[in-house]
1. When the accessible area of the chain is split by element with a 1.4 Å probe, what percent falls to carbon and sulfur?
2. Could you sort 33-44, 52-63 so that the peptide with the highest average Cβ count within 10 Å comes first and the rest follow in order?
3. Indicate the helices, whole DSSP H runs only, in the chain that combine a mean Kyte-Doolittle hydropathy of 1.0 or more with a Cα extent along their long axis of 30 angstrom or more.
4. Could you provide, to the nearest whole Å², the per residue accessible area of the chain with probe 1.4 Å?
5. Over the chain, what portion of Cα pair distances is larger than 22 Å, expressed as a whole percent?
6. Starting from the Cα of ARG70, step 7 Å along the direction of its Cβ; do the same at ILE18; then give the gap between the two resulting points in nm.
7. Specify which residue in the list PHE31, ILE44, TRP65 is farthest towards the positive end of the charge dipole of the chain, using unit charges on the beta carbon of Lys, Arg (+1) and Asp, Glu (-1), about the Cα centre.
Amino acid sequence: MIWAIWWVWLAGALALAILELLAPGFIFLGFAIGAAAVALLLLIPFTTSPAVLLAVFALLSLAAWALLRRLFRAPKGQVRFVRHDIND
């Protein structure tokens, strides 16, 4: 089963990380971290269903996204003002 192969998850993590470089904004980086974490978990020899792997991937991706959002947010009370438009 392809879902249980660790390097498939690692290849997906690499593809998502490259996609993050092309479309920055920390959107795909959480998913890449989640996929890499699932790949590391699959290095431990155990068998599980694809539904469990996808649930673990979803939970790890959500946790990674929340952590990244907390790390890269603007300082509390700081607001970004745009005073000069590139089209002016």
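The values are calculated or read from the model by the stated rules, or taken from the named source; none is laboratory data. Keep in mind that this is a model prediction, so the values were computed, not measured. Cβ sites come from the backbone with ideal geometry, for glycine too, and all protein chains shown count toward neighbours. Heads up: the accessible areas ignore ligands, DNA and RNA and are worked out on the full protein's heavy atoms, side chains in. Shrake-Rupley method; radii C 1.70, N 1.55, O 1.52, S 1.80 Å.
1. 72
2. 33-44, 52-63
3. 50-71
4. About 79 Å² of surface per residue is accessible.
5. That fraction is 40 percent.
6. 3.2
7. TRP65
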